[in-house]
Number of protein chains: 2
Amino acid sequence: MSLINNSDASISFHAIGEIHTPFREAAGTPIQTVYGQDIQGSIVLKESYAAALDDIEGFERLWLIYWMDRVAGFKPKVVPYRDTQEHGLFATRSPGRPNPIGMSIVRLLRREGSTLYILDIDMLDGTKLLDIKPYIPEFDSHPVSRAGWFDKPGVDRRTADTRFHEK
Amino acid sequence: MSLINNSDASISFHAIGEIHTPFREAAGTPIQTVYGQDIQGSIVLKESYAAALDDIEGFERLWLIYWMDRVAGFKPKVVPYRDTQEHGLFATRSPGRPNPIGMSIVRLLRREGSTLYILDIDMLDGTKLLDIKPYIPEFDSHPVSRAGWFDKPGVDRRTADTRFHEK
């Protein structure tokens with residue numbers, strides 16, 4: 001097959017800033033921002049990107065795209081935080097992925113220059129930020145979308161343990 | 001400041017598969033999957049990741065995270081597709097970004113081994129896939145979230161032109 005001749009070529013990105021949060025380790029960190037409501041954090045963007053934040057104050061929520069640098073690697077089948085059964089990794093939101101790219105919806109409190117103060121936190125302190133995109137309901141919101149095993153989760157777990165972070 | 005000592009260090013990811021779509025060039029490609037309703041495409045995942053797809057059929061929608069390899073670069077201020085005014089890049093969903101990482105919500109039609117047949121397409125043919133995450137309304141859906149300039153878009157444009165792709 002001609003599929004992906006350069007499949008092992010690496011694709012390089014770089015940090016545009018850093019996310020500061022109250023969480024130093026996975027255990028106890030909210031597993032999603034809906035479970036980290038009202039927890040405060042901040043984003044310190046590189047100065048050179050400050051102008052790219054103009055008009056961001058109009059948006060209530062932002063997508064943060066970031067590198068989950070402290071996960072322990074990747075298994076094709078996992079028991080996710082919200083279940084007792086194994087599922088294929090791509091049918092879960094577990095952080096240990098072939099490319100550990102996280103995406104979280106946070107609420108924007110205010111901007112000061114190249115710093116954003118945010119609410120609703122589920123990432124570790126010092127996480128490297130790759131992108132910020134405005135949350136746009138017309139594009140991003142599908143309130144009724146069938147969600148497989150998650151529609152009957154086996155566990156009401158809202159914070160992480162160490163299963164995806166222990167080396 | 002101690003911020004981001006290794007700010008220029010590169011963070012490396014790799015393609016887990018490739019997205020096949022009817023679109024060979026930016027001009028005419030839907031700018032979001034909500035504007036590419038019912039257009040069909042497919043994902044050919046590397047065989048080694050096939051097991052990680054198990055149970056994905058239960059999900060109606062998936063997030064695709066991918067590398068927008070054909071954008072022309074990054075400007076801090078842009079006139080986005082849906083407006084006539086300039087805005088800070090991070091207050092827009094424009095593809096030309098410091099890290100050109102795309103994210104799109106597609107509908108899953110069916111899985112055959114390591115291939116996923118999908119609907120609602122807004123990416124170019126041959127786009128390298130970085131991650132697949134299930135769309136989970138409890139995490140991802142905020143139907144009423146203030147969206148700044150986008151709440152009164154200046155233009156009802158639904159397909160791209162060449163502004164972010166011309167070198």
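The values are calculated or read from the model by the stated rules, or taken from the named source; none is laboratory data. Worth saying up front: this structure is predicted, and the values here are computed from it rather than measured. Here the Cβ positions follow ideal geometry from the backbone for every residue, glycine too, while neighbour counts run over all protein chains shown. Note: areas computed on protein heavy atoms with side chains; ligands, DNA, RNA excluded. Shrake-Rupley method; radii C 1.70, N 1.55, O 1.52, S 1.80 Å.
Here are the numbers for this structure:
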{"quantity": "Only one of B:Leu89, B:Leu109, B:Leu116 that is closer than 23 Å to B:Leu53 by Cα, within 12 Å of chain A (Cβ to nearest Cβ) and not acidic (Asp, Glu)", "calculated": "B:Leu116"}
{"quantity": "Boolean, A:Phe74 is out of contact with any Phe, Trp or Tyr (no Cβ under 8 Å at 6 or more places or on another chain), over 30 Å from B:Glu47 (Cβ atoms) and not in a strand (DSSP E or B)", "calculated": "no"}
{"quantity": "Among (1) touching a strand residue (DSSP E or B) at 6+ places or on another chain (Cβ under 8 Å); (2) open to solvent by less than 50 Å² (accessible area, probe 1.4 Å) - the single one B:Arg82 does not satisfy", "calculated": "(1)"}
{"quantity": "Extreme residue, nearest to the other protein chains (Cβ to nearest Cβ), among residues of the range A:120-167 that are under 22 Å from A:Asp38 (Cα atoms), part of a loop (DSSP other than H, G, I, E, B) and aliphatic (A, V, I, L, M)", "calculated": "A:Ile136"}
{"quantity": "Members of the range B:9-57 that are in contact with a Phe, Trp or Tyr (Cβ under 8 Å, 6 or more places away or on another chain), more than 20 Å from A:Ile101 (Cα to Cα) and free of Cβ contacts under 8 Å to residues at least 60 places away in the same chain", "calculated": "B:Asp55"}
{"quantity": "Within the range B:67-90, considering residues that are out of contact with any helix residue (DSSP H, G or I) (no Cβ under 8 Å at 6 or more places or on another chain) and of a type in the set (Gly, Ala, Ser), the one farthest from B:Phe164 (Cα to Cα)", "calculated": "B:Gly73"}
{"quantity": "Qualifying residue in the range B:54-69 (condition: more than 9 Å from chain A (Cβ to nearest Cβ) and not in a loop (DSSP other than H, G, I, E, B))", "calculated": "yes"}
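Residues checked against (1) at pLDDT below 95; (2) open to solvent by less than 10 Å² (accessible area, probe 1.4 Å); (3) not polar (S, T, N, Q):
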| residue | (1), (2), (3) |
| --- | --- |
| A:Leu109 | no, no, yes |
| A:Thr115 | no, no, no |
| A:Leu119 | no, no, yes |
| A:Arg158 | no, no, yes |
| A:Asp161 | no, no, yes |
| A:Glu166 | yes, no, yes |
